[in-house]
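To start, I am sharing the structure in question, which I have written as structure tokens.
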Amino acid sequence: MSATPHEPPADTAAAAPEAPAVPRLSQRQIYAIFGGLIAGMFLAALDQTIVATSIRTIADDLQGLSLQAWATTAYLITATISTPLYGKLSDLYGRKPLFSTAITVFVVGSVLCAFATSMVELAAFRAVQGLGAGGLFSLALAIVGDIVPPRERARYQGFFLAVFGTASVLGPVVGGFFAGADELAGITGWRWVFLVNVPIGIIAFVVVQRVLNIPHTRRPHRIDWPGALLLAGGLVPLLVLAEQGREWGWTSPAALATGIGGVVVLVLFVLAERRFGDDALLPLRLFRIRTFAVATLSSLVIGIAMFGGLASLPLYLQIVKGQSPTVAGLSLLPLTLGIMISSITSGQLISRTGRYKLFPLVGTALLVVAFVLFAQVTATTPLWQTSVVMLLFGLGLGGNLQPIVLAVQNAVPPTDIGVATSSATFFRQMGGTLGTAVFLSILFGGVGARIADRFATAFGDPRFQATVTDPQVLADPANAAVVDQLAQAQAAIEAGGTPVIDGTGVLDDSSFLSTLDPVLAAPFQAGFADAMQVVFWIAAGITLLGLMVISLLPEVPLRTRSAMEEREDAVAAAAEQGQTGQR
């Protein structure tokens, strides 16, 4: 594998001689285009923070907290699968029509989610939403690669940071407001979590139509529909297995058949990609570029740990710390602050020095440390300590996200910016999808036993025994369900047996914890925190593996011209060569 930038393929240059030269974009035009990108990205960024804040309320209302992983995983599955398709099609047909399509599909999915009547329906409609989200982030990053040289990109990072920073502040507030409202305009409050996307999406669509005008030269191509179908057919079974494995049994016939089937289809996908060559959904020639291969592998590994580990944090804040959705969302702001500080600092230093490898190395090391510290968090850990770890985690993330995309875009031919950017995003999302499904499965699979262990220990605590026999506690209807189980457990102790408490009820509806007597709620909260520690230890180990992969990343000199300028130069050179040949 070579550590030097890949040469543009000869067939690309040969296909483009007839394209007219296009004047380069002015600073004003670049800012106008960024306005369109910001509008689209804000739509998806705000949705993520709003839904993350209110998912517990939504799941409780639809009677299925344990199924919330499906709502998250379904969104990630379709976003993951559609991401490389958007990238490839945008290389062929232009960024604007595909970016507009992504916005439209996202808004339609949001409307469907707003009227879901069960967690199963919500998961299906979130899948539609994900089909749109798959293009919003990856195409925005590809367009940046089109119009801004890698060395200058740090000057524009503030726009995207402002989007995520604003969404991080507004999302918890808006999501908490909607989740906390019983009804607004005759519609259940949490349903506005999705309906709010409609006006934002319309504004984004209009802005994009007006300002996103990037020159595009079409070239001969085939659309890799077989690759798209095989990719979907391979990933979906594996992700379903990750979600359902603990219920089926990992060695059950259903689990083995699903896993083997998914792997076989992915092998067929690779064979199909070889057959399609440059027209493939994921051109295999890109993996011969060392920077691309290392960056995509690290994105996959770190994505597993990053998304999977973070999926349990909002649940910890709400279930263990008893925070409202709004407060829980705002409690995650140290993480956002860390991302912004690290992204701005790394971007400025990369722009000045032209060197980028140090930042993902340091960032990944910080992620390992942060996960180890998260694994020490208990139900009684002061919130300020958890916030410090969140800040550290954000600093690590900020050092990873943009430099990795920058390295990929810098290493591939300018005609492959779309597919390369979407591929890097795809592998990170694929890791995130797998990580979320597996880690939430581990969390919910172990939380019942952990809660039962905590109750068994609590029976030896005099304070707990006093609470259990307190007439006021016994008479409170809010404690009735737990009191009945405690009476059975007490009877088991008196009979010389072992007290057993079923802690799985918290998986379907955790709202009872807010009204439960604090002493009775403590074992539930401590058991949930114990189950989270297992998740964080696994995430730390996976991130350490990612650090080893990142160490292999080559440092290629950053280009000083945008992909659009390089494509224009290639067109002009090919046209001049053609005229010389005719003479």
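Using just the C-alpha positions of region 352-419 as equal point scatterers, what log10 of I(q)/I(0) does the Debye formula give at each q in 0.17, 0.26 1/Å?
Here the Debye-derived log intensity ratios amount to -0.68, -1.05.
In addition: As an exercise, take the mean of 1/r over every pair of distinct alpha carbons in region 204-351, invert it, and state the Kirkwood radius in angstroms.
20.1 Å
Are there any trypsin sites (Lys or Arg not before Pro) in region 309-396 that are in a DSSP loop and have at most 14 other Cβ atoms within 10 Å? List them by number.
Taking region 309-396 and a limit of 14 other Cβ atoms within 10 Å, the loop trypsin sites (Lys or Arg not before Pro) found are ARG355.
Viscosity 1.002 mPa s, temperature 20 °C: Stokes-Einstein D of region 82-192 from its Kirkwood Cα radius, in µm² per second?
134 µm²/s
When you count, for each residue, the other Cβ atoms within 10 Å and take the mean per peptide, how do 124-131, 228-235 rank with the highest first?
Ranked from most to least packed, the peptides come out as 124-131, 228-235.
Using only alpha-carbon positions, what ratio does the radius of gyration of region 53-107 give when scaled by 2.2 N^0.38 Å?
Expressed relative to 2.2 N^0.38 Å, the Cα Rg reads 1.53.
Give me the net charge for the shell around GLY36: Cβ to Cβ below 13 angstrom, other residues only, Lys and Arg +1, Asp and Glu -1.
Local net charge: +2.
I'd like the distance separating the alpha-carbon centroids of region 333-351 and region 426-486, in whole Å.
37 Å
None of the figures in this text is laboratory data; all of them are computed from the coordinates on show. Values in this document were obtained by computation on a predicted structure and should not be read as measured data. Note that each Cβ is placed from the backbone with ideal geometry, even for glycine, and that neighbours are counted across all protein chains shown.
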